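*Asks:* Below is one structure. I have some questions about it.
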Amino acid sequence: MPASNFLSKEQKKSLQKAIKKDECPHYREHILIMLLANDGKTQQQISDFLGCSLRIVSHWLIHGDPDNLESLRDGRGAGNHQKVTSEYITLLLEIVKKEPTELGYEFGRWTAQRLSEHLAKETNIVLSSSQVKRLLKKRISLYLAKVLVGRPAR
């Protein structure tokens, strides 16, 4: 039988606040593992509920420290996306609006790979084409959300 209520009220409150505030799904999963274990759920129940392995549940229950929320981060947030600056995104969005021929290229369409290569020359920030695609998709989604929210209902 799992030990329930091992978290203090302050620890539980801190974890609940962090799970609402942070957007990283892995971090939130690690917090949820701690909270579910505190509610008396077995590792198997937590694994089944979250759709993750028993190994992951066990790891975070052993290595996660409810007094140090940073211990629940696994380093996935330290990827290449942190290379991207607001200037990079601004430049990317400006370049996408232009025809490649305006910038001296012989091709007539941008691809994610071509954008990645061009921006690497301009900024010295090297991203893969899939990272550039994700940036564009996210920015376009944000733009559309702003446009659609601003429209009056029909």
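The values are calculated or read from the model by the stated rules, or taken from the named source; none is laboratory data. Computed from a predicted model, the values in this text were never measured in an experiment. So basically every Cβ, Gly included, is an ideal-geometry build from the backbone, and we count neighbours across all protein chains shown.
*Asks:* Would you be able to tell me the number of residues in the stretch 96-111 that are surrounded by 10 or more Cβ atoms within 10 Å (Cβ to Cβ), at pLDDT 90 or above and either part of a helix (DSSP H, G or I) or aromatic (Phe, Trp, Tyr) (or both)?
*Replies:* Residues that pass the stated criteria total 5.
*Asks:* I need the full set of residues from the stretch 116-131 which are closer than 20 Å to Gly104 by Cβ and hydrophobic (A, V, I, L, M, F, W, C), in order please. Break it down into steps so the answer makes sense when it comes.
*Replies:* Step one: of the stretch 116-131, the residues closer than 20 Å to Gly104 by Cβ are 116-124.
Of everything in the stretch 116-131, those that are closer than 20 Å to Gly104 by Cβ and hydrophobic (A, V, I, L, M, F, W, C) turn out to be Leu119, Ala120.
*Asks:* What about Thr85, is it in contact (Cβ under 8 Å) with a residue 40 or more places away in the chain and among the hydroxyl-bearing types (Ser, Thr, Tyr)? I'd like the intermediate steps shown before the answer.
*Replies:* Details: in contact (Cβ under 8 Å) with a residue 40 or more places away in the chain: yes; among the hydroxyl-bearing types (Ser, Thr, Tyr): yes.
Yes; evaluated as a whole, the condition is true for this residue.
*Asks:* Can you find even one residue in the stretch 74-95 that is modelled with pLDDT of 90 or more, at positive phi and out of contact with any strand residue (DSSP E or B) (no Cβ under 9 Å at 6 or more places or on another chain)?
*Replies:* no
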